[in-house]
1. Just the residues that are within 15 Å of residue 7 (Cα to Cα), touching a strand residue (DSSP E or B) at 6+ places or on another chain (Cβ under 7 Å) and surrounded by fewer than 19 Cβ atoms within 10 Å (Cβ to Cβ), please, taken from segment 35-51.
2. Filter segment 51-74 down to the residues that are more than 21 Å from residue 21 (Cβ to Cβ) and part of a strand (DSSP E or B) and list them by number.
3. Which of the residues that make up segment 80-103 are assigned to a helix (DSSP H, G or I) and touching a helix residue (DSSP H, G or I) at 6+ places or on another chain (Cβ under 8 Å)?
4. Pick out the one residue from 184, 218 that is in a loop (DSSP other than H, G, I, E, B), within 21 Å of residue 15 (Cβ to Cβ), at pLDDT 75 or above and in contact with a strand residue (DSSP E or B) (Cβ under 8 Å, 6 or more places away or on another chain).
5. Write out, first by first residue and then by second, each pair whose Cβ atoms fall under 7 Å of each other, whose residues are 6+ apart or on separate chains, and whose first residue, in segment 87-113, is on the phi < 0 side of the Ramachandran plot while the second is in a helix (DSSP H, G or I) and surrounded by fewer than 16 Cβ atoms within 10 Å (Cβ to Cβ).
6. For segment 38-56, indicate whether the set of residues that are closer than 19 Å to residue 118 by Cα and modelled with pLDDT of 95 or more is non-empty.
7. As an exercise: evaluate residue 77 against (1) assigned to a loop (DSSP other than H, G, I, E, B); (2) closer than 25 Å to residue 243 by Cα; (3) out of contact with any helix residue (DSSP H, G or I) (no Cβ under 9 Å at 6 or more places or on another chain) and give the number of the one condition it does not meet.
8. Modelled with pLDDT of 95 or more, within 21 Å of residue 33 (Cβ to Cβ) and buried (at least 19 other Cβ atoms within 10 Å of the Cβ): which single residue out of 164, 135 fits that description?
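The values are calculated or read from the model by the stated rules, or taken from the named source; none is laboratory data. For clarity, every value in this text was computed on a predicted model and none was experimentally measured. Quick reminder, even Gly has a Cβ in these numbers, built from the backbone with ideal geometry, and neighbours come from all protein chains shown.
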């Protein structure tokens, strides 16, 4: 059975991706750690769009999670044609204040799990004659890192963009295409769960996008085999324009627009 696998589909961008991909007829494998929510969303999507939806309860902060997911796919004889690696969060403290265990867990979700899940599925994608990989990154990959919190978030997203670039360089010849989707400020549960809602509230409304808008642009970019998809016209303008300005000026502009993120 041809399946699209999505991590982090129980809220925000991941949830919008799941519904939009199901709406166009794709069968889904949903991966998350909140079982009740995952089960309810799976049943709702299956009933609404008449597609097959399976789910696998897995905590991506654990080292064994990628292998557990891959083994689940093998046990159920799933033909994974598309990987949508969306799960993520950030730590709302300064780097020295967070425990090593918390930072390691965050890095697993944002980086290591993305790499390892891709690695585990690559051989199967090559054998099946190709496939697609979407990595949900962030425009934080192009911005100065925060001087207050989540110091590793931007650098990891930059790494994910380079990882996507590396996959394309090595596997386009095998008809495997990777896309890095880079949203800006998006109205989701992400900020509330990470303790950054107060900062998010300070961001002007014209800079915010909905999860549905981000998902729509991300899917369109993946279909066109784009390597980098910066969602939102304003975000594209900022990323493409501000790279010509001194970092000090970017920091001033960032503080004015992003609620003091770079103070």
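1. 35, 39 - these are the residues of segment 35-51 that are within 15 Å of residue 7 (Cα to Cα), touching a strand residue (DSSP E or B) at 6+ places or on another chain (Cβ under 7 Å) and surrounded by fewer than 19 Cβ atoms within 10 Å (Cβ to Cβ).
2. Passing the criteria: none in range.
3. Here is the first cut: in segment 80-103, the ones assigned to a helix (DSSP H, G or I) are 95-97, 100-103.
Within segment 80-103, 95, 103 qualify.
4. One residue alone meets the criteria, 184.
5. 89/193; 91/102; 91/103
6. Quick first cut of segment 38-56, residues closer than 19 Å to residue 118 by Cα only: 55-56.
Now drop any that are not modelled with pLDDT of 95 or more, which leaves 55-56.
Yes, that holds for at least one residue.
7. The single condition residue 77 does not satisfy is (2).
8. Details: 164 fails: within 21 Å of residue 33 (Cβ to Cβ).
The unique qualifying residue is 135.
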